[in-house]
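The values are calculated or read from the model by the stated rules, or taken from the named source; none is laboratory data. It should be emphasised that the depicted structure is a prediction, and the values quoted were computed from it without experimental measurement. Cβ atoms come from the backbone with ideal geometry, glycine included; neighbour counts cover every protein chain shown. The accessibility values were calculated without ligands, DNA or RNA, using every heavy atom of the protein model including side chains. Shrake-Rupley method; radii C 1.70, N 1.55, O 1.52, S 1.80 Å.
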Amino acid sequence: MAFFSDFRRRKDRWWRYGILKQAYQQAQHAEEANDQSLSHAFKRFGYKAPPGELLAVWQRLTEVGALRCTALSEQAITGVERAIADLPATTINAMAWLDLYRLGLGIGLFLPANRFRDKAIAAMLVRSQQARASLNELTAGCYAAIETGDYQRANDLLERMKSRGLDQSRYDQGRWLLQLFSAQPTPGGHHRKLDDTTVDAEFRKELQGRKLALVGPVATKAMNGSEIDANDLVIKFGYRGGDTGRDPATQGERVDISYYNNKQAQQLSQMPYTGVLASLRWAVFNNHKGRSFFPKELNSVRQLASLQWLMPDTHLNAGPNAVLDLLRFGPGSLKVFNTDMMLSSGRFAGYKAPDEKPIDYTRSFIKTHDPVVQFLILNRLWAVGHISGDERFEAVMAMGLEQYLLQLQEAYGARKQALI
């Protein structure tokens, strides 16, 4: 009975993390159970048994986590990193590497965790080169090639995906993304092939060639309000009416376009929303579920074209989703304000309901939003000049992934010793 229950839950990232966390704790308290704990977890996931070289790294990881000292030494951390880096990417499958990556985040060791993730990306690339690779494996390899900057390989994989039955709209979206990331000029200039609805065509008329300010929810003392309001269009998140999110000094008073995740969409639908939507030029929902809370006949309401199909077992969060969506429509410029990629957890009032509990961002990293994906996407768009930002955003982009992860770990991970 337990086998069938596990089979149904195997696609649940949070469930798999919970099983691995339990195995990690067991290994810390019973040295002789080190091998069995990981092997048992992999069996429940339906993975092949972990080989001895991985079990040796697992033991090293659990030993570091079990240390009880005033501070973990740099040598202890880098030793685990090197041990992971020495493992062949083909030791286990990409999904198993990602599960170990999420465990690393959960125990507060972000840089060793990222070494597991590096293996996942490498495994995706290896598997995609097989002649019998499935469409899902080709898609994972295509994303991995994009992330590693191998755009020719990504293009070749995209063509193979098309020959294996990839939907034409996804193929066009993949081609556009490749051109965007590789900073190549786009045929026709403004990605019109992606405008497959009248609503998108109307949205383009609003955005094309315009100066855009995308204002995030991070609390700030930077007095950028007047610069924000001086743009042609101001875009914010989760706007529910009134003066919330419209501080003239730090946020700018204007809200022309608002993006909504599913929770924000539901909250809006449960209040008198017609006046809120009438005050906006456009409301944009992240997916069909969010859009479904509102009548189909509403004007100036749209659903963005999701890149979920290309993501490696994760979701884009609000910032990258909005940035990629806005860039589809050929704006003259796009500048990001009040966003630091979750390095500070403070949020302006109004971006969540007053009675909500504080967000556990480590849980979000594990269950939903891979922080490395979010950073790398925005960092690449920034590096090739598609977006710019205020002083804080520019500083975060300039620090690079390793330093970003160190600061993210300082905010949410293990400052002195592994959390578990």
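Would a scan of the range 291-305 turn up a residue that is open to solvent by 70 Å² or more (accessible area, probe 1.4 Å), of a type in the set (Asp, Glu) and at negative phi? Yes, that holds for at least one residue. Within the range 1-19, being open to solvent by less than 90 Å² (accessible area, probe 1.4 Å), aliphatic (A, V, I, L, M) and at pLDDT below 95 holds for one residue alone: Ala2. Pairing residues of the range 308-330 that are closer than 24 Å to Ile121 by Cα with residues that are among the aliphatic types (A, V, I, L, M) and outside any loop (DSSP other than H, G, I, E, B), at Cβ distances under 6 Å and at least 6 apart in sequence or on separate chains, gives Pro312/Ala140; Asp313/Leu98; Thr314/Val373; Pro320/Ile377; Pro320/Leu378. Checking the condition more than 26 Å from the chain's Cα centre (by Cα) and of a type outside the set (Ser, Thr, Tyr), which residue from Glu53, Glu137 passes? From the options Glu53, Glu137, the qualifying one is Glu53. Taking Leu67, is it modelled with pLDDT of 95 or more and surrounded by 14 or more Cβ atoms within 10 Å (Cβ to Cβ)? When the stated conditions are applied, Leu67 does not pass them.
Table: residues versus (1) under 19 Å from Phe393 (Cα atoms); (2) open to solvent by less than 10 Å² (accessible area, probe 1.4 Å); (3) of a type in the set (A, V, I, L, M, F, W, C).
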residue: Phe203; (1), (2), (3): no, yes, yes
residue: Ile228; (1), (2), (3): yes, yes, yes
residue: Gly242; (1), (2), (3): no, no, no
residue: Arg246; (1), (2), (3): no, no, no
residue: Pro272; (1), (2), (3): no, no, no
residue: Trp282; (1), (2), (3): no, no, yes
residue: Phe285; (1), (2), (3): no, yes, yes
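When each of Glu81, Glu74, Glu53 is tested for being surrounded by 14 or more Cβ atoms within 10 Å (Cβ to Cβ) and among the acidic types (Asp, Glu), the lone residue that passes is Glu81. Those helices (runs of 4 or more DSSP H) of the range 39-152 in which 1 or more residues are under 28 Å from Arg380 (Cα atoms) and touching a residue at least 12 places away in the same chain (Cβ under 8 Å) occupy 74-85, 94-106, 110-128, 135-147. Counting only helices (runs of 4 or more DSSP H) that sit completely within the range 214-330, those holding 3 or more residues that are of a type in the set (Gly, Ala, Ser) correspond to 274-279, 318-327.
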